[in-house]
Amino acid sequence: MKTLLFIHQSAELYGSDKTLLWLIQNLDRKRFKAVVLLPFEGPLQEALEMAHAEVHIAPVLKVYRKMFTPANLFRFFKDIQSGLQTVKALHRKHHFSLIYSNTLAVLLGVFAAQKLRIPHLWHVHEIIESPGIFKKAYGKLLALRSTSWVVYNSEATGHFWTKTAPVGPKSQVIPNGLPLPKSVSESQRDRVRETAFKATATDLVFALVGRISRWKGQLLALEAFAGIAQQYPHTRLVFIGSAPPNQEHFEENLHAEINRLGIQHQVVHLPFQEDIQSYWASIDVALVPSTEPEPFGLVAVEAMLAGKPVIGANHGGLTEIVDHEATGFLVKPGDVTTLREAMSFFITHQEAAARMGETGKERARTHFSVQSYTRAFETLFERF
């Protein structure tokens, strides 16, 4: 049996958190044992432990934009020693075959692999256009000899980093894979629509699920919806998600804009939902209008598995997920007019929405299954 050390930068249940959880949940436990390092406690820790992973809390050397202050840099360099000591102690106990770093945001893995001479796999979920210093630095880190293998979550992510950091033959693309959603009863859907969405059974509900942030497109979606809300009073726009820690101003700005536009009665904002499947089942059309390229676009696949058509931005990983005019629409990034036109289409062509949703469900099941995702990683893990 091979013992693998997984290092991750969060303990929440957003995109990269869930892909790690699904991988570990589906690993063949007769062949692989999972030990996981997280920076703090949270719902991901609980879910991983239920999946029989051994979880430890320790500094993982997370990179973030505001780390370059004297106090934060001092803490970062102090954490290097603590994190390395933790990995060293765990390695003495488990004799790791491989260190797996989930996302570029965590640096402990590459340092520990170099120091302890353990093979290192970096699972890249990011496209980092700016700041340029981060882009250049990560390019050098990916090309290090101590990084034994690089996995990209989409062709778009791989293409971006291949231009920045030519790592040669030690890389591959493994698209994210998702488990099939649990069934949601009609009464559950009705309850979510009525109590959470403030919508009737005949209202058409658009939803944007994801962190409230600078680039996920909430303000763009709001502007597009504002242009049709009065004409179509039986429509709703639902935002599901919370702002990152210490970035609550994004939520405040969103609420202020909703009030300024005077469409509070048709717009709902709900915080992060751990059980998202009942919400996916209760919407009609998913919006993924990210203003910067999505490295993958996990929420688009989640929506498709629930049988919902997707309106996504025509860049990044979304172009590999949404089949334009078959499972939804790909619209010009950052363009409110084309987004509004696509939304209007689904209001007036609800039969087409249902048809696209069914086509999308089949596409998601075929191309983005958790089984093929896990088997690809297991084949890779066996090399080390």
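The values are calculated or read from the model by the stated rules, or taken from the named source; none is laboratory data. This structure is a prediction, so every number in the text was calculated from the model and none was measured. Heads up, the Cβs are rebuilt from the backbone with ideal geometry, glycines too, and the neighbour counts pull from every protein chain shown.
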Candidates 283, 263, 311, filtered to the one that is buried (at least 24 other Cβ atoms within 10 Å of the Cβ), more than 24 Å from residue 42 (Cα to Cα) and in contact with a helix residue (DSSP H, G or I) (Cβ under 6 Å, 6 or more places away or on another chain): 311
Residue that is nearest to residue 221 (Cα to Cα) [pool: residues in segment 297-335 that are β-branched (Val, Ile, Thr) and in contact with a Leu (Cβ under 6 Å, 6 or more places away or on another chain)]: 311
Residue 358 being part of a helix (DSSP H, G or I), without any contact (Cβ under 8 Å) to a residue 60 or more places away in the chain and either surrounded by fewer than 24 Cβ atoms within 10 Å (Cβ to Cβ) or in contact with a helix residue (DSSP H, G or I) (Cβ under 6 Å, 6 or more places away or on another chain) (or both): yes
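When the residues of segment 299-308 are narrowed to those that are farther than 12 Å from residue 357 by Cβ and hydrophobic (A, V, I, L, M, F, W, C), which ends up surrounded by the fewest Cβ atoms within 10 Å (Cβ to Cβ)? Spell out the reasoning first.
Of the residues in segment 299-308, the ones farther than 12 Å from residue 357 by Cβ are 299-302.
Then keep just the ones that are hydrophobic (A, V, I, L, M, F, W, C); that gives 299-301.
On the way: 299: 28, 300: 29, 301: 25.
Selected residue: 301.
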Criterion violated by residue 122 - all others in (1) at pLDDT 95 or above; (2) of a type outside the set (Val, Ile, Thr); (3) over 19 Å from residue 173 (Cα atoms) satisfied: (3)
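Looking at the structure I just gave you, is residue 289 in contact with a His (Cβ under 7 Å, 6 or more places away or on another chain), buried (at least 18 other Cβ atoms within 10 Å of the Cβ), in the same structural domain as residue 347 (by TED's automatic domain parsing) and in contact (Cβ under 8 Å) with a residue 60 or more places away in the chain?
Considered against the rule, which asks whether it is in contact with a His (Cβ under 7 Å, 6 or more places away or on another chain), buried (at least 18 other Cβ atoms within 10 Å of the Cβ), in the same structural domain as residue 347 (by TED's automatic domain parsing) and in contact (Cβ under 8 Å) with a residue 60 or more places away in the chain, residue 289 comes out as no.
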Test: residue in segment 322-332 that is within 27 Å of residue 103 (Cβ to Cβ), within 20 Å of the chain's Cα centre (by Cα), in a helix (DSSP H, G or I) and modelled with pLDDT of 95 or more: no
Unmet criterion (only one of (1) within 25 Å of the chain's Cα centre (by Cα); (2) in a helix (DSSP H, G or I); (3) modelled with pLDDT of 95 or more) for residue 87: (1)
Pair list, Cβ under 6 Å, 6 or more apart: segment 190-211 residue under 18 Å from residue 340 (Cβ atoms), other residue among the hydroxyl-bearing types (Ser, Thr, Tyr): 204/235
Residue match in segment 17-37 (condition: of a type outside the set (A, V, I, L, M, F, W, C), modelled with pLDDT of 95 or more, in contact with a strand residue (DSSP E or B) (Cβ under 9 Å, 6 or more places away or on another chain) and over 20 Å from residue 176 (Cα atoms)): yes
Breaking point among (1) under 19 Å from residue 125 (Cβ atoms); (2) more than 21 Å from the chain's Cα centre (by Cα), for residue 343: (1)
Complete set of residues in segment 173-191 that are in contact with a helix residue (DSSP H, G or I) (Cβ under 6 Å, 6 or more places away or on another chain) and either surrounded by fewer than 22 Cβ atoms within 10 Å (Cβ to Cβ) or aromatic (Phe, Trp, Tyr) (or both): 173, 174, 178, 179, 181, 182, 184, 188, 189
Odd one out for residue 149 among (1) aromatic (Phe, Trp, Tyr); (2) buried (at least 21 other Cβ atoms within 10 Å of the Cβ); (3) at pLDDT 95 or above: (2)
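Does residue 383 count as farther than 30 Å from residue 2 by Cβ and surrounded by fewer than 16 Cβ atoms within 10 Å (Cβ to Cβ)?
Numbers: farther than 30 Å from residue 2 by Cβ: no; surrounded by fewer than 16 Cβ atoms within 10 Å (Cβ to Cβ): yes.
Here the answer is no, as residue 383 does not meet what is asked.
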